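The values are calculated or read from the model by the stated rules, or taken from the named source; none is laboratory data. Fair warning: this is a prediction, and the values are worked out from it, not measured in the lab. Note that each Cβ is placed from the backbone with ideal geometry, even for glycine, and that neighbours are counted across all protein chains shown. Ligands, DNA and RNA are excluded from the accessible area calculation, which covers all protein heavy atoms including side chains. Shrake-Rupley method; radii C 1.70, N 1.55, O 1.52, S 1.80 Å.
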Number of protein chains: 2
Amino acid sequence: MLRYVDTGYTPTEDDLIAEYYIGSSMPLEEASEWLAAESSIGTWTDLSTMKERIVKLKPHVFYLNRDESTIKVAYPGDLFERGNMPQILSSIAGNIFGLRAIENLRFLDIRFPDKIVESFKGPRFGIQGIRKILEVDKRPIIGTIIKPKLGLNEKEHAEVAYEAWVGGVDIVKDDENLSDMVFNRFEKRIEETLKLRDKAEERTGEKKIYMPNITAETNEMIRRAEFVEQTGGEYVMIDILTAGWAALQSFRNLDLNLVIHAHRAGHAAVTRNERHGISMLPIAKISRVIGVDQLHIGTFGVGKMMGGPEDDLRYQEALTGELSGLEPVFPVASGGLHPGLYGMLCEIAGKDIIIQAGGGIHGHPGGTMSGARAARQAVDAIMEGVPLAEYAKSHRELGEALEKWGEGRR
Amino acid sequence: MLRYVDTGYTPTEDDLIAEYYIGSSMPLEEASEWLAAESSIGTWTDLSTMKERIVKLKPHVFYLNRDESTIKVAYPGDLFERGNMPQILSSIAGNIFGLRAIENLRFLDIRFPDKIVESFKGPRFGIQGIRKILEVDKRPIIGTIIKPKLGLNEKEHAEVAYEAWVGGVDIVKDDENLSDMVFNRFEKRIEETLKLRDKAEERTGEKKIYMPNITAETNEMIRRAEFVEQTGGEYVMIDILTAGWAALQSFRNLDLNLVIHAHRAGHAAVTRNERHGISMLPIAKISRVIGVDQLHIGTFGVGKMMGGPEDDLRYQEALTGELSGLEPVFPVASGGLHPGLYGMLCEIAGKDIIIQAGGGIHGHPGGTMSGARAARQAVDAIMEGVPLAEYAKSHRELGEALEKWGEGRR
């Protein structure tokens with residue numbers, strides 16, 4: 001029987017390294033053997049068809065941490081097809097989750113070798129490209145999601161967007177539930193909303209962005225993206241996990257002149273349990289390697305969604321740190337945010353983030369425009385280094401927001 | 001504030017019904033309100049932009065089971081885009097998994113209204129179509145996966161397939177880790193393997209099937225499928241979860257004259273934890289609605305993969321029971337199976353199944369051809385109603401298999 005555990009092994013630069021937590025009643029070594037075999041060249045019994053040449057393709061479990069029950073596996077690069085993310089994931093995040101020998105398995109982290117990274121597109125715009133389009137140098141980018149997320153017709157949708165832009169928001173995004181609906185058709189929505197974007201730009205003298213949700217089967221998604229481009233849009237939004245990696249790759253491969261905003265609806269079905277599933281860390285790296293420009297990573301311990309600041313800082317690092325020379329991806333914080341939380345958020349995450357708020361803008365007592373003003377005022381206060389409560393004394397809308405929702409402090 | 005719980009509500013035939021388990025420190029009603037709001041028209045705060053007309057789109061939590069902590073939600077059909085599975089999932093299996101108000105959430109089941117089912121293709125072949133291609137009326141279909149899963153070159157791969165076919169296997173499948181590899185190129189593998197398929201058909205007088213793994217980004221996947229069709233293949237295999245729903249839909253929409261075998265690598269990352277994630281039940285229904293012809297559902301409590309017989313029987317029912325008039329999908333049992341388990345498997349699952357074995361065939365002491373013979377002998381014994389051990393007395397290969405791996409009994 002082949003053996004895979006070899007703590008004396010030093011990974012080469014062509015190896016792909018995956019890190020796992022293993023929960024098993026077996027000793028860690030033995031469970032590791034099952035994992036390494038199933039994710040590469042082995043199976044549960046000896047084979048008449050095994051050959052010496054093939055043994056060279058075997059992965060090495062080169063690190064075992066018995067206290068944490070984690071392991072690192074170095075897979076020879078040739079086990080993977082270049083430019084084929086589904087194949088990579090079918091190997092290292094596939095059948096192994098269902099092995100009887102392992103009760104719990106969490107895919108914690110990944111290091112792609114340069115040769116594999118080079119076979120994907122990576123981000124076309126990234127943080128610098130997006131700041132250039134927006135003509136905003138240093139401050140956090142302010143985004144909003146149109147709310148209610150479903151039910152507004154095309155004109156109503158465009159009007160809410162207009163109020164948000166005029167109030168001071170940079171980016172307006174469709175909700176992930178909104179695509180081409182009977183009460184709000186995709187093409188008409190794009191036309192109406194981009195028309196009012198032009199008007200908002202004229203009125204404010206600022207660059208304004210609309211991110212339409214093009215999520216659909218691959219060809220329809222591409223058709224929608226081309227419509228956005230033809231209608232004068234610069235951005236699209238894709239729900240990357242419900243659409244899937246194959247479609248995302250197909251889309252990115254087209255190399256359209258459109259910023260890709262990645263929403264991650266459904267991620268918590270796999271990311272939430274700390275002892276099973278897939279961490280957001282590999283998901284963030286995979287998204288960057290394929291080539292999204294913006295990605296939701298959480299609210300750094302603030303807001304309505306799960307997750308603490310430490311985790312989100314690691315995802316931020318995955319998006320913006322060194323990764324085979326790829327452009328950094330803009331991290332998006334979204335979910336239950338309101339202006340009273342922006343200060344805390346920027347203290348934790350810095351200013352290279354996109355702060356999105358839906359209810360925290362449209363739920364403002366003065367309505368959407370006041371909510372957008374409050375959001376912009378909060379960002380201005382942060383950039384001037386003035387505490388929010390103090391800034392609110394001379395800025396009515398921020399004051400009203402703090403009065404309704406309070407101010408979060410660390 | 002809108003309220004969604006309404007146990008007096010009777011779902012209409014146009015409603016989509018989703019069932020969830022909720023684990024929350026909140027009372028079930030309150031947690032249900034969060035879930036229903038986030039998955040439809042609501043958010044965490046009151047909105048200035050809400051309208052009476054929109055309130056009509058709200059879903060109803062019409063069933064609560066406090067003992068089991070499960071709920072059923074009826075969503076008006078208009079909340080969903082027809083023919084857009086990613087959008088449907090972004091709504092009912094999206095952000096809700098990450099809500100702070102709910103610690104654990106499991107998406108248990110789904111009922112699609114006819115109008116939504118009709119907007120998808122459904123299976124083109126299904127069980128009857130496949131039996132017709134194979135010219136096999138009643139017995140279980142015997143499949144094998146080429147092992148070792150990675151490392152064989154194209155000719156070696158074809159030769160192993162040939163031995164399996166000649167020994168008595170109906171279907172030979174690529175492993176999910178095998179796509180277009182440096183040591184085994186896709187096109188050459190298809191050519192070599194289909195050539196030997198023809199030879200095996202000639203030698204045995206039986207119809208033989210090869211299922212090449214075409215999993216890749218959408219366009220490459222389609223290109224590969226067209227190559228398979230041109231080269232005389234009738235089947236393709238797609239890893240549906242690592243490729244994703246958008247690509248699967250795009251592929252099915254082409255309506256190619258190819259049977260779609262769906263592998264589900266990675267499913268256990270979401271299906272395994274009984275209190276979180278997504279059950280295989282909705283995944284099976286979604287796959288059927290989009291239109292796969294064969295789907296892995298487990299080994300009915302037998303073999304190397306997790307899962308008990310009761311669960312797998314429910315997935316089988318999801319694939320083969322009434323679903324808006326769709327063709328039944330052929331259930332595939334795979335993972336650690338060997339001939340000694342076939343009897344038990346058919347007792348539980350019946351004979352309308354595809355029994356796949358990799359190691360359980362190529363690991364036979366006499367090699368692949370003997371392993372295939374043993375598998376076919378086991379199926380013949382089952383069809384003749386003869387106990388395996390008895391049949392093995394006059395069938396050497398089956399005897400050797402039982403000697404190596406034993407016989408499983410309930």
Original post:
When you go through A:PRO148, A:PRO140 one by one, which is the residue that is more than 14 Å from chain B (Cβ to nearest Cβ) and within 30 Å of A:VAL379 (Cβ to Cβ)?
Top reply: A:PRO140
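Go over the candidates A:GLY335, A:GLY359, A:GLY366 one by one and state the one that is closer than 20 Å to A:THR271 by Cβ and within 12 Å of another protein chain (Cβ to nearest Cβ).
Among A:GLY335, A:GLY359, A:GLY366, only A:GLY335 is closer than 20 Å to A:THR271 by Cβ and within 12 Å of another protein chain (Cβ to nearest Cβ).
Yes/no per residue for (1) among the charged types (D, E, K, R); (2) farther than 30 Å from A:GLU407 by Cα:
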{"residue": "A:LYS208", "(1), (2)": "yes, no"}
{"residue": "A:LEU248", "(1), (2)": "no, yes"}
{"residue": "A:ALA269", "(1), (2)": "no, yes"}
{"residue": "A:VAL289", "(1), (2)": "no, yes"}
{"residue": "A:ASP293", "(1), (2)": "yes, yes"}
Subject >> Exclusive hit being more than 20 Å from B:ILE142 (Cα to Cα), more than 16 Å from the chain's Cα centre (by Cα) and within 11 Å of chain A (Cβ to nearest Cβ), set B:ASN257, B:ASN273 >> reply: B:ASN273
Original post:
Any residue in region B:299-307 that is farther than 22 Å from B:ASN84 by Cα, in contact with a strand residue (DSSP E or B) (Cβ under 6 Å, 6 or more places away or on another chain) and of a type in the set (A, V, I, L, M)?
Top reply: no
Subject >> Residue among B:TYR315, B:TYR342 that is over 17 Å from the mean Cα position of the chain (by Cα) and under 26 Å from B:ARG264 (Cβ atoms) >> reply: B:TYR342
Subject >> Check on B:SER324, surrounded by fewer than 23 Cβ atoms within 10 Å (Cβ to Cβ), among the small types (Gly, Ala, Ser) and assigned to a helix (DSSP H, G or I) >> reply: no
Subject >> Residue list for region B:245-293, filter: farther than 29 Å from B:ASN104 by Cα and open to solvent by 10 Å² or more (accessible area, probe 1.4 Å) >> reply: B:ARG252, B:ASN253, B:LEU254, B:ASP255, B:LEU256, B:ASN257
Subject >> Candidates B:LYS121, B:LYS132, filtered to the one that is on the phi < 0 side of the Ramachandran plot, part of a loop (DSSP other than H, G, I, E, B) and either in contact with an Asp or Glu (Cβ under 9 Å, 6 or more places away or on another chain) or not hydrophobic (A, V, I, L, M, F, W, C) (or both) >> reply: B:LYS121
Subject >> Pair list, Cβ under 6 Å, 6 or more apart: region A:190-217 residue farther than 30 Å from B:GLU217 by Cβ, other residue open to solvent by 40 Å² or more (accessible area, probe 1.4 Å) and part of a helix (DSSP H, G or I) >> reply: A:GLU192/A:LYS155; A:LYS208/A:GLU201
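Restricting attention to region A:369-382, which residues are away from every other protein chain (no Cβ under 13 Å) and over 27 Å from the mean Cα position of the chain (by Cα)? Outline the logic, then answer.
Residues of region A:369-382 away from every other protein chain (no Cβ under 13 Å): A:373, A:375-382.
The answer is A:ALA381, and nothing else.
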Original post:
What is the one condition in (1) assigned to a loop (DSSP other than H, G, I, E, B); (2) facing chain B (nearest Cβ under 9 Å); (3) buried (at least 24 other Cβ atoms within 10 Å of the Cβ) that A:THR242 does not satisfy?
Top reply: (1)
Original post:
For region B:206-239, how many residues are at the interface with chain A (Cβ under 9 Å from one of its Cβ atoms), in contact with a helix residue (DSSP H, G or I) (Cβ under 6 Å, 6 or more places away or on another chain) and open to solvent by 10 Å² or more (accessible area, probe 1.4 Å)?
Top reply: 2
Subject >> Criterion (farther than 30 Å from B:LEU79 by Cα, open to solvent by 10 Å² or more (accessible area, probe 1.4 Å) and within 14 Å of chain B (Cβ to nearest Cβ)) met by exactly one of A:PHE107, A:PHE125, A:PHE112, A:PHE120 >> reply: A:PHE120
Subject >> Residue ID - farthest from the other protein chains (Cβ to nearest Cβ), chosen from residues in region B:153-164 that are within 29 Å of B:GLY266 (Cβ to Cβ) and in a helix (DSSP H, G or I) >> reply: B:GLU154
Original post:
How do the pairs read when you match residues in region B:313-337 that are outside the structural domain of B:ILE110 (by TED's automatic domain parsing) and on the phi > 0 side of the Ramachandran plot with residues anywhere that are at pLDDT below 95 and among the charged types (D, E, K, R), using Cβ under 6 Å and keeping only pairs 6 or more apart or on different chains?
Top reply: B:GLY335/B:LYS304; B:GLY336/B:LYS304
Subject >> Qualifying residues in region B:387-405 (those that are surrounded by fewer than 17 Cβ atoms within 10 Å (Cβ to Cβ) and within 23 Å of B:GLY350 (Cβ to Cβ)) - the one nearest to the other protein chains (Cβ to nearest Cβ) >> reply: B:ALA389
Original post:
Is there any pair linking a residue in region B:123-152 that is touching a residue at least 60 places away in the same chain (Cβ under 8 Å) to one that is open to solvent by 10 Å² or more (accessible area, probe 1.4 Å) and among the aromatic types (Phe, Trp, Tyr), with Cβ under 8 Å and at least six apart or on different chains, and which?
Top reply: B:ILE133/B:PHE125
**OP:** Output the number of residues of region A:128-150 satisfying the condition of being within 16 Å of A:GLN294 (Cα to Cα) and buried (at least 24 other Cβ atoms within 10 Å of the Cβ).
**Re:** 5
Subject >> Residue count, region A:355-371 (criterion: open to solvent by less than 20 Å² (accessible area, probe 1.4 Å) and either without any contact (Cβ under 8 Å) to a residue 12 or more places away in the chain or more than 22 Å from A:PHE300 (Cβ to Cβ) (or both)) >> reply: 5
**OP:** State whether the residues of region A:173-190 include one that is open to solvent by less than 10 Å² (accessible area, probe 1.4 Å), more than 28 Å from B:ILE116 (Cα to Cα), under 26 Å from the mean Cα position of the chain (by Cα) and more than 12 Å from chain B (Cβ to nearest Cβ).
**Re:** no
**OP:** Take region B:373-398 and flag every residue that is outside any helix (DSSP H, G or I) and over 20 Å from B:ASP170 (Cα atoms).
**Re:** B:GLY385, B:VAL386, B:PRO387, B:SER394
Original post:
In this structure, is B:LEU194 closer than 27 Å to B:ILE240 by Cα, assigned by TED's automatic domain parsing to the domain that holds B:GLY371, surrounded by fewer than 21 Cβ atoms within 10 Å (Cβ to Cβ) and touching a Ser or Thr at 6+ places or on another chain (Cβ under 7 Å)?
Top reply: yes
**OP:** Determine the pairs where a residue that is acidic (Asp, Glu), located within region A:166-182, has a partner that is in a loop (DSSP other than H, G, I, E, B) and modelled with pLDDT of 95 or more with Cβ atoms under 7 Å apart, the partner being 6 or more residues away or on another chain.
**Re:** A:ASP170/A:VAL136; A:ASP170/A:LYS208; A:ASP174/A:PRO212; A:GLU176/A:ALA265; A:GLU176/B:GLY94; A:ASP180/B:GLU81
Subject >> Test: A:ALA265 is within 7 Å of chain B (Cβ to nearest Cβ), under 16 Å from A:ALA333 (Cα atoms) and out of contact with any Cys (no Cβ under 6 Å at 6 or more places or on another chain) >> reply: yes
Original post:
Can you name the condition, by its number, that A:ASN153 falls short on among (1) open to solvent by 10 Å² or more (accessible area, probe 1.4 Å); (2) among the polar types (S, T, N, Q); (3) at pLDDT 95 or above?
Top reply: (3)
**OP:** For A:GLY83, indicate whether it is of a type in the set (Gly, Ala, Ser), touching a residue at least 12 places away in the same chain (Cβ under 8 Å), in contact with a helix residue (DSSP H, G or I) (Cβ under 8 Å, 6 or more places away or on another chain) and open to solvent by 10 Å² or more (accessible area, probe 1.4 Å).
**Re:** yes
